[in-house]
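What follows is a short report on a single structure.
The values are calculated or read from the model by the stated rules, or taken from the named source; none is laboratory data. What you see is a predicted model; the values in this text were computed from it and never measured. With ideal geometry, Cβ positions are generated from the backbone for all residues, glycine too; neighbour counts draw on all protein chains shown. When the accessible area is computed, the model is the full protein with side chains, heavy atoms only, and any ligands, DNA or RNA have been set aside. Shrake-Rupley method; radii C 1.70, N 1.55, O 1.52, S 1.80 Å.
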Amino acid sequence: MQQQLECVSLQVCVSVLGPLESVVRRCLGPEGGSVLFTRDTGETLISRHGQRVLSTLHLEHPMARMVLDCVCAHAKSTGDGTKSFILLLSALLRAIQDSAHMRRKASWSNPALQNLANRLMALSRNELDDIIIHQVTPYASSYCSHHSDKLEHSILDYLISGYISGRTGAGQAEILKHILCEFYYKSKRDQNTTETISFIHSHFNVLHTRVAGLPVGCSEVIEGLVVTRDWSVWTELRGPIKALVLYESFGSSLGDNITVCFQQDWLSRTESITKQKLAYLLELQVNVVLSSVKQPECVLQWARMNHVALLECVDSDQLDFLCNINFPETLSHPQHIVMLKYCKRLQLGGLRCAQLGIYSNAHTLVLCAPAPGLLDQTVCVSRGSMEGSYAGWRSFACRWCV
Amino acid sequence: MSRISKKKPALCTDEPLSNSTICQKITLLRNILSTAYGPTGRLKQIHNNVGGHVLTTSTSTALLKRLEMSEPLLKLISTALQHHTTRYSDSGLFMGIFTLTLIENTKKYGLRTSTAIKVYKHLVEQCNVYLKGDSCGCKVPVEFSSCDSLVALARSMITSKPACMLDSREMQQISSLITQAFLYSIPCNSSGTACFGRTVTIGIEGQSVNHSSVFPGLLLDVPEMLLPGDLERLGDGPFKVVLFGVSLSGDISEVGDVALEVHRGLNPERDLLQQLLKIGEQAVKDKVSLFACQKVVHPVLQHYLREHEVVVIERLGLALMEPFAKITGARAVASLFSLVPMEAYGLVAGLCFQDCGSKKLLQLLSSKHAAISTMVLCHRNETMLEELKMTCQRAEHVLRLTLREPYALLGGGCTETQLATHISHMNQSTAPTTAAALGISHSEFLMAVESFRSSLLAVALSLEHDGQDCLIDLTYGHRWVMDISSQTEVKHTCGCGLLEDRSNLEKTHLNTACQTFSPVFLENSDTQPKVLDSFSAKLNALNVAVEMASLVLDVKYIIKDVN
């Protein structure tokens, strides 16, 4: 393997950052656009989030990869400012390169560059913090202190709207901001802000539903948990409902390398085992069965006969969420019983779903978008806004002693 | 082992809408869609050079499914279009033409994309308010007391698909059949929550369209060896029915691909057959007249049942299980080993043979007013039959949508012309304040409004393919077509058929700038419009079109990964 030796000059640095800058420059600010990324597999991604956009580029030059690593590290600790990072960096390098002309030299020599680097580090370590704290922060704090009486509500609104406006088009920003704030306020009720945001943030996968083909304006917040599956067997139910959560199928699960043995009376034995299990369920007086796998036909038939509603192929994350939030009486794994407030059928833009009312204040965020790429972006932005608000809220809370 | 090759760098396109190749592709797609629009639209034929299925159609769904697009922006629009037509079954071409024209016009007028997006959003909200309001001139309420509007709506859907190749008499017949099937599917006298019934569609090739009809109940293929004499022997209904959801073929294949260990002296297949015959005996004992199974029935069992004068229907298929269960009230039995419970039996009011052209089908009549009907469609060849089946299903879907929003919009381009005049009139006086509120200049706002208006009118213009002039009248804002060669004394009507031509009705060409006016609202008109469009579908198409156009205009950089 040949090792390629390259002399890295300032010129090379500037040219390596050029492509990164040209991508990021198009999506900065309120008038900025989005970046569309596609793969040969047909997957599309639309985003104006700096870190997401840069991570999709396949960068060959090691210096570019190093810069990308720095961007990711910065994003991890602050959650914002990745585009500004790249633009500031390229502007700084270009300014340094151009200043060689001011010193009437063809270019910077290596020792001179090293000296400059040391002095810049000293500046950032010693003087930059002072400048920001004493010259810049006072403007921000005077704005916040005017609103100290409605600190909680408006700060969160501003956090969310600031996050969203930088990451989606103007058309969707208004709608998304309104819907996310509504989602937050509906989920809040008696808890305090930090608890609510961290609850939403940690369970976001379960608390949102995607619907493609409708305009973004059709997004809404629905009470309870929404499962994107239709009821296999449906009956009208009222009042507090006992629901059974199943993680495996009632029928015999056959895997590989199993020998099925035909013995005497094999016909009647096959059925009696399933029958016993189903009879036991009847004794428990469950009205609803929620299963994460597909159940055999005999279970559906039993459900129809005994007026039990059955929902199959539910996401196991959602079932786990239900079990954890409800303090169930655990029967024996893999069966749990949970109490539900109500069960309903729901129509979300042509898709039939199930709505489960739970005894906690959780709501589901239904996000709509005309195209799947846009839907991914909407979901990402919503999730990120919760993360960003959590980080931002914590720093605000400790700074302004709420 | 996959070949290890160096990863290629991604293809980047900066400012895609300034790229001439992409603009050409947008124009091409718009031409494809606009030349296929309307009753005089040109059919498109898609085929592969090396053979394969040839598709001839003018429906947006079928077209876009087969068109492979390499440009990611166009693929986005195509996906959004397909999602819309899945939900609403109509206005797909309208949405496509409007989206692409908006994008082209924004570039043509040299608008900044962020400005254009803001203004379009404001304008589409104004359109929504106008269309949903009470004094909307292009909205027609759908009266459910008479079926005129329903038939007109169905007829407009059929007329807009020229690939069906129907003459006017056949169109009238098919539209009334669709309305009939829709009315059959609405349940009456049902207790509890009302649930829509279903219309099963059967296609018969090679017959004339006149033989199409709608039958209440379910029509099935006649089982082998069933003679008219057998049905006569059954007598009059109602007949007891049992329905099996599991396979009665007597083989153990549902166990899967596993090793079987069989004890000495046992013959599993024979035991299963004994069990099947036991099921047959129980059916005969319980006086069942119709024995139906979703899958295959063992020949020995079939023979036994036929000897005891039970009609056997096998291979019903998953699709027909639900309608069958609804018609008869039978619950599908899923187990072979236990006795069939009494509640699982159903009833059928009557069994008879029906003739559809030259084909014989078995009809099951429901005893409990179930809202199931079967539509038998006949046509001369396969292509036209496919198009007709698809169009009828979509027309029925559109009729169902009117139950949620009982309105229809004027067709024939009149809605577009009225909307365009309304928009330009509304924004003429309030332009300075609106522009200031949106944070843009007055002239930019007016240009964006003009771009929106001309895109709407471009859709109305694309209805005409035979080189005739498109005009708009300056009183009511409806679209007119001037047929210069026409010499007859027939009264000339506007695009939707609501207005009749008068000598004092001033008209001007569609694509010229005219002075803005407010379209006069026609109250209590005696005539009914002849061409109608679905309200929900068109409204959603308008909103999604503007959203997709905003999305595409917003994209400033494309990265294509070619690995």
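What's the total number of residues in the stretch B:294-326 that are within 19 Å of residue B:366 (Cβ to Cβ) and open to solvent by 40 Å² or more (accessible area, probe 1.4 Å)?
Of the residues in that region, 3 qualify.
Of the residues A:127, A:182, only one is of a type in the set (D, E, K, R), at pLDDT 80 or above, open to solvent by 40 Å² or more (accessible area, probe 1.4 Å) and closer than 16 Å to residue A:385 by Cα; which?
Within the list A:127, A:182, the selection yields A:182.
When you check residue A:36 against the structure, is it among the aliphatic types (A, V, I, L, M), more than 18 Å from residue B:561 (Cβ to Cβ) and not in a helix (DSSP H, G or I), yes or no?
Considered against the rule, which asks whether it is among the aliphatic types (A, V, I, L, M), more than 18 Å from residue B:561 (Cβ to Cβ) and not in a helix (DSSP H, G or I), residue A:36 comes out as no.
Given B:149, B:156, B:176, which one is among the small types (Gly, Ala, Ser), part of a helix (DSSP H, G or I) and out of contact with any strand residue (DSSP E or B) (no Cβ under 7 Å at 6 or more places or on another chain)?
The unique qualifying residue is B:176.
Can you name the residue in the stretch A:337-371 that is over 16 Å from residue A:203 (Cβ atoms), open to solvent by 30 Å² or more (accessible area, probe 1.4 Å) and assigned to a loop (DSSP other than H, G, I, E, B) and, of all such residues, is nearest to the other protein chains (Cβ to nearest Cβ)?
A:350
Just checking, how many residues over the stretch B:329-370 are within 30 Å of the chain's Cα centre (by Cα) and in contact (Cβ under 8 Å) with a residue 60 or more places away in the chain?
14
Can you find a residue in the stretch B:24-44 that is in contact (Cβ under 8 Å) with a residue 60 or more places away in the chain and of a type in the set (Lys, Arg)?
yes
Name the residue, out of B:552, B:562, B:544, that is within 30 Å of residue B:7 (Cα to Cα), surrounded by 19 or more Cβ atoms within 10 Å (Cβ to Cβ) and within 14 Å of chain A (Cβ to nearest Cβ).
None of the others qualify; the one that does is B:552.
Please give the number of the condition residue A:235 fails out of (1) within 30 Å of residue A:305 (Cβ to Cβ); (2) touching a Leu at 6+ places or on another chain (Cβ under 7 Å).
(2)
For the stretch B:10-116, list the helices (runs of 4 or more DSSP H) that sit wholly inside it and hold at least 3 residues that are open to solvent by less than 10 Å² (accessible area, probe 1.4 Å) and within 13 Å of another protein chain (Cβ to nearest Cβ); which are they?
Once the helices (runs of 4 or more DSSP H) in the stretch B:10-116 are filtered for at least 3 residues that are open to solvent by less than 10 Å² (accessible area, probe 1.4 Å) and within 13 Å of another protein chain (Cβ to nearest Cβ), what remains is B:72-88, B:92-108.
Could you go through the stretch B:516-530 and let me know if any residue there is at pLDDT 85 or above and surrounded by 11 or more Cβ atoms within 10 Å (Cβ to Cβ).
Yes; the residues of the stretch B:516-530 include at least one that is at pLDDT 85 or above and surrounded by 11 or more Cβ atoms within 10 Å (Cβ to Cβ).
Looking at residue A:207 and the list (1) at pLDDT below 85; (2) open to solvent by less than 10 Å² (accessible area, probe 1.4 Å); (3) in contact with a Phe, Trp or Tyr (Cβ under 9 Å, 6 or more places away or on another chain), which single condition is not satisfied?
(1)
Do you know which residues across the stretch B:258-291 are open to solvent by 80 Å² or more (accessible area, probe 1.4 Å) and aliphatic (A, V, I, L, M)?
Scanning the stretch B:258-291 gives a single hit, B:260.
Scan the stretch B:133-142 and tell me whether some residue there is in a helix (DSSP H, G or I) and either open to solvent by less than 30 Å² (accessible area, probe 1.4 Å) or over 24 Å from residue B:519 (Cα atoms) (or both).
Scanning the stretch B:133-142, I find no residue that is in a helix (DSSP H, G or I) and either open to solvent by less than 30 Å² (accessible area, probe 1.4 Å) or over 24 Å from residue B:519 (Cα atoms) (or both), so the answer is no.
Out of (1) in contact with a Ser or Thr (Cβ under 8 Å, 6 or more places away or on another chain); (2) within 14 Å of chain A (Cβ to nearest Cβ); (3) open to solvent by less than 10 Å² (accessible area, probe 1.4 Å), the odd one out for residue B:397 is which?
Result: residue B:397 passes all but (3).
Out of B:383, B:391, B:402, report the one residue that is assigned to a helix (DSSP H, G or I), in contact with a Lys or Arg (Cβ under 8 Å, 6 or more places away or on another chain) and touching a residue at least 40 places away in the same chain (Cβ under 8 Å).
None of the other options fit; the residue is B:391.
If I filter the stretch B:407-427 for residues that are assigned to a helix (DSSP H, G or I), under 17 Å from the mean Cα position of the chain (by Cα) and at negative phi, do I get at least one hit?
no
I need the full set of residues from the stretch B:197-240 which are modelled with pLDDT under 80 and on the phi > 0 side of the Ramachandran plot, in order please.
B:225, B:235
Tally the residues that are under 20 Å from residue B:351 (Cβ atoms) and touching a Ser or Thr at 6+ places or on another chain (Cβ under 7 Å), restricting the search to the stretch B:199-223.
The qualifying residues number 8.
I need the full set of residues from the stretch A:280-308 which are assigned to a helix (DSSP H, G or I) and open to solvent by less than 50 Å² (accessible area, probe 1.4 Å), in order please.
A:281, A:284, A:298, A:299, A:300, A:301, A:302, A:303, A:305 - these are the residues of the stretch A:280-308 that are assigned to a helix (DSSP H, G or I) and open to solvent by less than 50 Å² (accessible area, probe 1.4 Å).
Mind listing whichever residues of the stretch B:193-209 are more than 30 Å from residue A:345 (Cα to Cα) and open to solvent by 70 Å² or more (accessible area, probe 1.4 Å)?
B:205
Please tell me if residue A:21 is within 14 Å of chain B (Cβ to nearest Cβ) and over 25 Å from the mean Cα position of the chain (by Cα).
Judged against the criteria, residue A:21 is a match.
Give the stretch A:275-325 a look and list any residue that's among the acidic types (Asp, Glu) and modelled with pLDDT of 85 or more, or say none.
Passing the criteria: A:312, A:315, A:317, A:320.
Examine the stretch B:369-386 for a residue that is within 14 Å of chain A (Cβ to nearest Cβ), open to solvent by 50 Å² or more (accessible area, probe 1.4 Å) and at pLDDT below 90, and state whether such a residue exists.
no
Would you check if residue B:430 is among the hydroxyl-bearing types (Ser, Thr, Tyr), closer than 27 Å to residue B:519 by Cα and either in contact with a Pro (Cβ under 9 Å, 6 or more places away or on another chain) or in contact (Cβ under 8 Å) with a residue 24 or more places away in the chain (or both)?
When the stated conditions are applied, residue B:430 does not pass them.
Go through (1) at pLDDT 90 or above; (2) open to solvent by less than 10 Å² (accessible area, probe 1.4 Å); (3) not in a helix (DSSP H, G or I) and name the single condition residue B:533 misses.
(2)
Could you grab me the full set of residues in the stretch A:60-109 that are within 26 Å of the chain's Cα centre (by Cα) and in a loop (DSSP other than H, G, I, E, B)?
Those that are within 26 Å of the chain's Cα centre (by Cα) and in a loop (DSSP other than H, G, I, E, B): A:79, A:80, A:81.
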